[in-house]
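Have a look at the structure below before the remarks.
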Amino acid sequence: MPQTILVIDDERAIRNTLSDILSLEGFTVDVAIDGAEGAKKIKDTNYDCILCDIKMPRMDGLEVLQIARQERPDTPFIVISGHGNIETAVDAVKKGAYDYISKPPDLNRLLITIRNAMDKKSLVTETKQLRKRISRGAEMIGNSESMNRINETIAKVAPTDARVLITGENGVGKELVARRIHELSNRSNCPLIEVNCAAIPSELIESELFGHEKGSFTSAIKQRIGKFEQASGGTLFLDEIGDMSLDAQAKMLRALQEGKITRIGAEKEIKIDVRVLAATNKNLLEEVEAKKFRLDLYHRLSVILIHVPSLNNRKEDIPALIAHFMKELSDEYHQPQKEIEQSAIDAMLLHNWTGNIRELRNAVERLIILGDKKITERDVEMYIM
């Protein structure tokens, strides 16, 4: 889709020249003959970039800039200035304009400035979306007694450096608990590094966690920094810790005891400053009995225990979760949020959610895609039951 630029200038020759040149460059161009018309268009339309003259009748460029900053704070605003208005143009930059171009404009410089401004806008937009997604991803939805208890525990433990072991079935949201703890901790400005112990082959887990030196084994063609070092100053989240090999468990125990690690193939020890959170869907005490998990490591990890119940054990949270996922997914698909009938929610309350929160989210996504504007009980019967 072509990017749209608004040109605001009371000189017809300037408007026509800029419009022709920018159109040839592939932009869609809209024009305004003065500041008042430009301000109205800014309120009505979200442009990718605005070019605006300083001296105009009815409303000058600084007044337009003020309106643009209020209405479209992320849209780059470029001032077009006559030689006698340079000081005013500099003042405009101080007040939020991206840059200024002198009249008559150097077309190469103008195009470079426009593209740089749009690139910056894209980065700002992307950063905001990522931050929104991250913060949204750590939301703990639900007002059941069990969820309130978990939130209270998180609030108490987050500001400390205590290790936390999070247990629960697959799909209950153990990783959300870990992210929330990190988000509320004193380490939140440092990285949260996540490792899925079940997804990494046992022969590679040590290299993944502790790193290795070049040439330390056949495929070690360059030095690798492990997850412990990457998480320095922050938090290391070990998901599915129950699937870690006994050899890796022994090294993990030493790292937790001494606050030091050694890369594979190295002799030098490296001090680490990392908070460790772990999660598992297994009963680790049963794994200890079966000699598949070290008891001493279990006690190191389980300073605080948080158990996340299955969705079937907190069904009173399902309506709130449905509403949350409907809004989240509608935003992702850039479409108006659909309504859902109470009878449809009641039907979903009766479902056996063996896949927990993950299954519920998938079900809501399916209803949004396949259902009509208003999701009914029949939709639930067709697409979920």
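The values are calculated or read from the model by the stated rules, or taken from the named source; none is laboratory data. Just so it is clear, the model here is predicted, and its values are computed rather than measured. So basically every Cβ, Gly included, is an ideal-geometry build from the backbone, and we count neighbours across all protein chains shown.
If you check Arg358 against the conditions, is it touching a residue at least 12 places away in the same chain (Cβ under 8 Å), within 27 Å of Met140 (Cβ to Cβ) and touching a Phe, Trp or Tyr at 6+ places or on another chain (Cβ under 8 Å)?
No; evaluated as a whole, the condition is false for this residue.
Conditions (1) in contact with a strand residue (DSSP E or B) (Cβ under 6 Å, 6 or more places away or on another chain); (2) closer than 27 Å to Ile357 by Cα, marked per residue:
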position: Thr160; (1), (2): no, no
position: Leu176; (1), (2): no, yes
position: Val195; (1), (2): yes, yes
position: Leu236; (1), (2): yes, yes
position: Asp243; (1), (2): no, yes
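Conditions first: (1) small (Gly, Ala, Ser); (2) in a helix (DSSP H, G or I); (3) surrounded by fewer than 18 Cβ atoms within 10 Å (Cβ to Cβ). Ser188 passes all but one, so which condition is the exception?
Only one criterion is unmet by Ser188, namely (2).
Those residues that are surrounded by fewer than 12 Cβ atoms within 10 Å (Cβ to Cβ), modelled with pLDDT of 70 or more and outside any loop (DSSP other than H, G, I, E, B), I need them from region 123-147; list them, please.
Once the filter is applied, which keeps residues that are surrounded by fewer than 12 Cβ atoms within 10 Å (Cβ to Cβ), modelled with pLDDT of 70 or more and outside any loop (DSSP other than H, G, I, E, B), region 123-147 yields Leu123, Thr125, Glu126, Glu145.
Just give me the residues in region 148-185 being free of Cβ contacts under 8 Å to residues at least 60 places away in the same chain and either under 25 Å from Leu256 (Cα atoms) or surrounded by 17 or more Cβ atoms within 10 Å (Cβ to Cβ) (or both), in sequence order.
Residues satisfying the conditions are Ala155, Lys156, Ala158, Pro159, Thr160, Leu176, Arg179, Arg180, Glu183, Leu184.
The rows are residues; the columns are (1) within 18 Å of Ile101 (Cα to Cα); (2) of a type outside the set (D, E, K, R).
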{"site": "Ile8", "(1), (2)": "yes, yes"}
{"site": "Arg12", "(1), (2)": "yes, no"}
{"site": "Asp20", "(1), (2)": "yes, no"}
{"site": "Thr28", "(1), (2)": "no, yes"}
{"site": "Gly35", "(1), (2)": "yes, yes"}
{"site": "Lys41", "(1), (2)": "no, no"}
{"site": "Leu51", "(1), (2)": "yes, yes"}
{"site": "Pro57", "(1), (2)": "no, yes"}
{"site": "Arg69", "(1), (2)": "no, no"}
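Which fully enclosed helices (runs of 4 or more DSSP H) of region 192-278 have 2 or more residues being under 31 Å from the mean Cα position of the chain (by Cα) and at pLDDT below 90?
202-210
Might you check whether a residue that is touching a residue at least 12 places away in the same chain (Cβ under 8 Å), among the hydroxyl-bearing types (Ser, Thr, Tyr) and under 18 Å from Glu71 (Cα atoms) occurs anywhere in region 29-46?
yes
Give me the residue from region 280-302 that is in contact (Cβ under 8 Å) with a residue 24 or more places away in the chain and hydrophobic (A, V, I, L, M, F, W, C) and, out of that set, surrounded by the most Cβ atoms within 10 Å (Cβ to Cβ).
The extreme case among them is Leu301.
Let me spell it out: the conditions are (1) within 23 Å of Ala199 (Cα to Cα); (2) not assigned by TED's automatic domain parsing to the domain that holds Ile150, and Ala290 meets all of them except one. Which number is the exception?
(2)
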